[in-house]
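Structure first, then comments.
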Amino acid sequence: MAAEKSGVDNVANFYEGLGQVLNIAWGENLHYGYWEDDADDSTVGTATARLTDLLIDLLRPASGDTVLDIGCGVGKPALQLVAARRTRVTGITISDVEVARAAENAAAAGHRDLATFRNADVTDLPFEDDAFDAAWAVESLLHVPDRGRALAETARVLRPGGRLVIADTVQRPPLDAGSRAVLDAFRAAYHVSPYATADEYRDLLAANGFTGIDVRDISDKVVRTGRVMADAVAARRDELARIEGPEPVDQYIDLMRRAAASPGIGYLVIAATLGPASGA
Ligand SMILES: C[S@@+](CC[C@H](N)C(=O)[O-])C[C@H]1O[C@@H](n2cnc3c(N)ncnc32)[C@H](O)[C@@H]1O
């Protein structure tokens, strides 16, 4: 248990250190952007919001639904969901700094009544069974070593028929040496678990009672993210280095550039429903 706890603390420290610096350079949607094609010159803000919109469409929540946001960051995707669908969102993260920032953002957006945030670990959720109509995990499960337990907990707190949407960076075997080296470096630097594969997600979701599992590889739509993120950080390198020190900032720029050029690293969006397939 002690080792698990320190793993969670490491992730929290990352989001309270370099993660906050990245918020300054990238914006508060701490996830990938979606660009239609090479000619699409959308800004980072537009592209990251577009990815959130895609996830909202896959989640299909009704007005008033209760939604669990697993790994909510500073609340930007949750607030976009509330604004789009008038849902009630509970966001969880293992960082107190993020909880506080997310609450401030909800208040600023006038949604303190519909969006609340608290510190909780997805592998040990402090909620009753069947508490939520829907859940999403936007680039958070990459940090969780026991994804099976995370999905079992998510299934427990979702009502039967509830929707789950996952967005995550994954590995695409067989891995070339360059992709493997980047994945290893990510693991060491950013406290991410071995990246999942599409098959692992399919198996874990099925084992935890999800059906209608829809796995979409949108790597080609989001691949620009690594380069653009690296450029955004590089453009403010000196300012960010004064906050967090030069080494982590330079390492981040290098790794994001290499990740963008690694065919073994991909990106999935997954939607599934808890319980028997309709008509079964
Ligand atoms: C890449 S950020 C994504 C933030 C947000 N979903 C977004 O798209 O802006 C990953 C988030 O997952 C959270 N996280 C990591 N491990 C977690 C865990 N075991 N339980 C809950 N949240 C976790 C981090 O604190 C962080 O908020």
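The values are calculated or read from the model by the stated rules, or taken from the named source; none is laboratory data. Just so we're clear, the structure is a prediction, and the values are computed from it rather than from any experiment. Glycine gets a Cβ as well: all are built from the backbone with ideal geometry, and neighbour counts include every protein chain shown.
Residue-by-condition table, conditions (1) within 14 Å of the ligand (Cβ to nearest atom); (2) at negative phi; (3) β-branched (Val, Ile, Thr); (4) touching a helix residue (DSSP H, G or I) at 6+ places or on another chain (Cβ under 8 Å):
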position	(1), (2), (3), (4)
13	yes, yes, no, no
16	yes, yes, no, yes
35	no, yes, no, yes
39	no, yes, no, no
42	no, yes, no, yes
54	yes, yes, no, no
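The residue of segment 235-246 that is surrounded by the most Cβ atoms within 10 Å (Cβ to Cβ), among those that are of a type in the set (Lys, Arg) and either assigned to a helix (DSSP H, G or I) or within 20 Å of the chain's Cα centre (by Cα) (or both), is 237.
Here the condition is being of a type in the set (A, V, I, L, M, F, W, C) and at pLDDT 95 or above; of 21, 8, 82, it holds for 82 alone. The lone criterion from (1) free of Cβ contacts under 8 Å to residues at least 40 places away in the same chain; (2) assigned to a loop (DSSP other than H, G, I, E, B) left unmet by residue 56 is number (2).
Selection of segment 197-234 for residues being surrounded by 19 or more Cβ atoms within 10 Å (Cβ to Cβ), closer than 16 Å to residue 31 by Cβ and in contact with a strand residue (DSSP E or B) (Cβ under 6 Å, 6 or more places away or on another chain) yields only 222. I'd like to verify a number: residues in segment 73-95 that are in contact (Cβ under 8 Å) with a residue 40 or more places away in the chain and charged (D, E, K, R), how many? Result for segment 73-95: 1. When 52, 93, 66, 87 are screened for being in contact with a Pro (Cβ under 7 Å, 6 or more places away or on another chain) and under 25 Å from residue 128 (Cα atoms), only 87 passes.
Checking each residue in segment 105-126 for being in contact (Cβ under 8 Å) with a residue 40 or more places away in the chain and closer than 20 Å to residue 59 by Cα picks out 115, 117, 122.
Going by the structure shown, is residue 64 in a loop (DSSP other than H, G, I, E, B) and within 27 Å of residue 271 (Cβ to Cβ)? Yes, satisfied.
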